[in-house]
Amino acid sequence: MDQLLDLAPPFDASPRFSKDVAFAFSPGKTAASSALVKPEKIVGSAAVQQPKAFYGVATAGEPIASQLFTATADAKIWTSRVSMHLDREVKNRLFRQLDSLHDADEWVAGDTPVNLESYKSCVRAILYHKINSRPALALMPSGNILALWQDGDDKLSIEFLPGNRTRWMVQSVTGGEKERAAGNAALERLRDVIAPYCASRWFSGS
């Protein structure tokens, strides 16, 4: 198993969000309240460079629209290979998210299309932990997938790293006091690691 990355303080990278509000609402909230789902400035240290992994690697001189199409198509092709294990609605939401995150009309110069290996980690987490809730998804400047859940002041953020690794941050409010924790975890350990903070409740949408 790959060695876990050290936690990279501070969480200072601004993710790019999908417009699909079906993902954005938290348990107990309506789609109309999706604007409440805002990230802290989460994970993304300049010292940690994630590999760019696409089946059809886009070249620097390739038009951005072609790069976005290639990255989106590669992620969808890979998803189709494991689609027999995915609920159809989950697969459809993932495809909508990919399309929204790679909207050429709203693309910011300098951002990186989805890192396929990060996306694979995200889908594997959905399958392994049977995640049936609908987090807001965002794209980090590095191309990594970021999933966020929020219920009032309680928040959970997970950045999916290549190689079935994750970086997470949780905030919970108990007795009016905010408690925060963050760390790294192998994908299969994720639910156990965040369980002490009652954060795993979001995996089942409860």
Of the numbered conditions (1) without any contact (Cβ under 8 Å) to a residue 60 or more places away in the chain; (2) farther than 25 Å from L101 by Cα, V114 fails exactly one; give the number of that condition. (2)
Of the conditions (1) closer than 26 Å to A186 by Cβ; (2) in contact with a helix residue (DSSP H, G or I) (Cβ under 9 Å, 6 or more places away or on another chain); (3) at pLDDT below 90, S45 fails just one. Which one is it? (2)
Checking the structure you have, find out if any residue of region 98-116 is in a helix (DSSP H, G or I) and in contact with a strand residue (DSSP E or B) (Cβ under 6 Å, 6 or more places away or on another chain). yes
Close pairs (9 angstrom Cβ cut-off, 6 or more residues apart or separate chains): exposed (fewer than 12 other Cβ atoms within 10 Å of the Cβ) in region 73-94, basic (K, R) anywhere: none
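Residue by residue, here is whether (1) among the β-branched types (V, I, T); (2) over 30 Å from E177 (Cα atoms) holds:
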position	(1), (2)
K76	no, yes
D87	no, yes
H102	no, yes
N115	no, yes
C122	no, yes
I126	yes, yes
I131	yes, no
L137	no, no
Q150	no, no
Is it the case, given these coordinates, that A125 is part of a strand (DSSP E or B) and aliphatic (A, V, I, L, M)? no
Members of region 153-175 found to be farther than 15 Å from Y197 by Cα and either among the hydroxyl-bearing types (S, T, Y) or not in a strand (DSSP E or B) (or both), listed by number: P162, G163, N164, T166
Members of region 134-151 found to be closer than 14 Å to W107 by Cβ and either part of a loop (DSSP other than H, G, I, E, B) or not hydrophobic (A, V, I, L, M, F, W, C) (or both), listed by number: P141, G143
Residues in region 177-199 that are part of a helix (DSSP H, G or I), closer than 18 Å to D151 by Cβ and either free of Cβ contacts under 8 Å to residues at least 60 places away in the same chain or touching a Pro at 6+ places or on another chain (Cβ under 8 Å) (or both): how many? 5
Name the single residue, out of those in region 128-173 being crowded, with 24+ Cβ neighbours inside 10 Å and farther than 22 Å from N115 by Cβ, that is modelled with the highest pLDDT. K155
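The values are calculated or read from the model by the stated rules, or taken from the named source; none is laboratory data. Since the model is a prediction, treat every value here as computed from it, not as a measurement. Counting neighbours? That spans all protein chains shown, and the Cβs are built from the backbone with ideal geometry, glycine included.
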